[in-house]
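The values are calculated or read from the model by the stated rules, or taken from the named source; none is laboratory data. If you're wondering where the values come from, they're calculated on a predicted model, not measured in any experiment. Counting neighbours? That spans all protein chains shown, and the Cβs are built from the backbone with ideal geometry, glycine included.
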Amino acid sequence: GWFTSVTKEPPSLHLMLSPKHADVADAYLADLEASLATVKAGADGPKVEARYS
């Protein structure tokens, strides 16, 4: 899986990348695209609480 955090101001996703991630960038973008399609379709999934540290 992928670990992506959220920020409050502005509401957004935060992701740290390094040159090593070039090997998996296409897989990450494909998973992100699939996730967005699920959200846009209104499909229900497990609800999780946003946690800020």
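Selection of region 1-35 for residues being assigned to a loop (DSSP other than H, G, I, E, B), closer than 18 Å to G45 by Cα and either at pLDDT 85 or above or out of contact with any strand residue (DSSP E or B) (no Cβ under 6 Å at 6 or more places or on another chain) (or both) yields G1, W2, F3.
Residue count for region 1-24 under the criterion of being out of contact with any His (no Cβ under 7 Å at 6 or more places or on another chain), of a type in the set (A, V, I, L, M, F, W, C) and within 15 Å of R51 (Cβ to Cβ): the result is 2.
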